[in-house]
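Below: the structure, in structure tokens.
The values are calculated or read from the model by the stated rules, or taken from the named source; none is laboratory data. Source: prediction; values computed, not measured. Here the Cβ positions follow ideal geometry from the backbone for every residue, glycine too, while neighbour counts run over all protein chains shown. Remember, those area values only see protein heavy atoms, side chains included, never the ligands or the DNA or RNA. Shrake-Rupley method; radii C 1.70, N 1.55, O 1.52, S 1.80 Å.
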Amino acid sequence: AHISSLRLTYLETKTKEQISPQQFPTVTLLANEIDDRLQSAHNYVISLAQLLTAAHLNDPDQAQAVLDRYSFMQTTFTNGFFLFDKAGTLLAETPFQSLERRGKNFAFREYLAATIAGKAPYIGDPYLSSRDHQHPAIMLTSPIFDHQGELIGVLGGSIDLLTDNGFNLFTRLKIGRDGYYYLATTDRKIIMHPDQSRILNPQGDITKGANILFEQAISGFEGTGETVTSRGLQAITSFKRLKAKDWIIGAN
């Protein structure tokens with residue numbers, strides 16, 4: 001029994017020695033890939049916003065026609081494009097849903113409040129979409145200015161977190177037999193995960209204090225270590241912070 005115990009300890013040590021040096025560089029590469037994709041998508045929203053003028057904001061049908069011309073981008077912006085006036089009122093959206101939605105005010109949304117206050121492009125925190133499916137989503141925004149430089153509106157490109165969107169494909173990757181990757185906010189919400197039922201679901205959040213290494217990642221730790229996950233599983237885990245947004249990619 002003693003020999004078996006020593007053998008098991010030796011195998012565990014060798015396994016950790018093999019996994020640890022590989023896992024963090026892989027997580028770093030994935031973080032860079034997500035950052036690049038986010039920045040590229042955000043640049044697209046910013047460029048599209050520059051095509052919109054005061055005339056478009058004064059004529060929702062004209063604005064709708066512009067947005068519809070870019071509906072092919074829904075492979076990335078899987079939740080569509082949204083045009084708001086400077087007060088946060090919805091003027092147009094693609095895919096079009098209903099006329100009843102025009103005129104609804106969304107100034108309460110964090111992504112709109114931040115864009116209007118900062119008068120700058122913004123990547124919003126995850127939220128539950130107001131569209132019929134009510135899926136979790138993130139919004140990438142750009143302010144729209146008139147010729148005098150005054151803020152007149154906001155364009156948003158939204159990414160449905162439950163559909164294939166070019167960002168979440170890494171969650172299909174396996175580390176060994178049971179290992180996986182995920183993306184979380186620093187307030188412990190799951191954004192992308194192979195178990196989609198955990199995404200922006202309070203029952204799926206990483207319970208405060210449950211994963212000691214994740215708590216360290218919130219405080220700035222980047223690297224690899226041993227931990228117990230929020231689901232009570234022992235794991236070798238790596239964490240890396242994104243640059244585009246204060247989110248954490250993890251590998252268990």
### Among (1) open to solvent by 20 Å² or more (accessible area, probe 1.4 Å); (2) touching a helix residue (DSSP H, G or I) at 6+ places or on another chain (Cβ under 6 Å); (3) among the polar types (S, T, N, Q), the one test that Thr227 misses
(1)
### Query
Is one or more of the residues making up region 203-224 among the acidic types (Asp, Glu), in contact with a helix residue (DSSP H, G or I) (Cβ under 9 Å, 6 or more places away or on another chain), farther than 14 Å from Pro136 by Cα and open to solvent by 30 Å² or more (accessible area, probe 1.4 Å)?
yes
### Query
When you scan region 147-197 for strands (runs of 3 or more DSSP E) that lie fully inside it, which ones turn up with 2 or more residues that are within 21 Å of Phe81 (Cβ to Cβ) and touching a strand residue (DSSP E or B) at 6+ places or on another chain (Cβ under 7 Å)?
151-160
### Query
Would you pick out the residues in region 81-130 that are open to solvent by less than 60 Å² (accessible area, probe 1.4 Å), closer than 30 Å to His193 by Cα and among the hydrophobic types (A, V, I, L, M, F, W, C)?
Phe81, Phe82, Leu83, Phe106, Ala107, Leu112, Ala113, Ala114, Ala120, Ile123
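Restricting to region 131-145, name every residue that is over 21 Å from Ile191 (Cα atoms) and open to solvent by 20 Å² or more (accessible area, probe 1.4 Å).
Of the residues in region 131-145, the ones over 21 Å from Ile191 (Cα atoms) are 142-145.
Scanning region 131-145 gives a single hit, Phe145.
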### Query
Is it true that some residue in region 169-191 is polar (S, T, N, Q), closer than 29 Å to Asn105 by Cβ and in contact with a Pro (Cβ under 9 Å, 6 or more places away or on another chain)?
yes
### Message
All but one of (1) within 27 Å of Ala41 (Cβ to Cβ); (2) at pLDDT 95 or above hold for Phe221; state the number of the condition that does not hold.
### Response
(1)
## Note on the structure
In the set His147, His133, the lone residue that is within 19 Å of His56 (Cβ to Cβ) and modelled with pLDDT under 95 is His147
## Note on the structure
The one condition Thr163 fails out of (1) among the polar types (S, T, N, Q); (2) open to solvent by 70 Å² or more (accessible area, probe 1.4 Å); (3) closer than 30 Å to Pro60 by Cα is (2)
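Would you check if Arg198 is in contact (Cβ under 8 Å) with a residue 24 or more places away in the chain and within 16 Å of the chain's Cα centre (by Cα)? Please lay out each step first, then the result.
Values: in contact (Cβ under 8 Å) with a residue 24 or more places away in the chain: no; within 16 Å of the chain's Cα centre (by Cα): yes.
Here the answer is no, as Arg198 does not meet what is asked.
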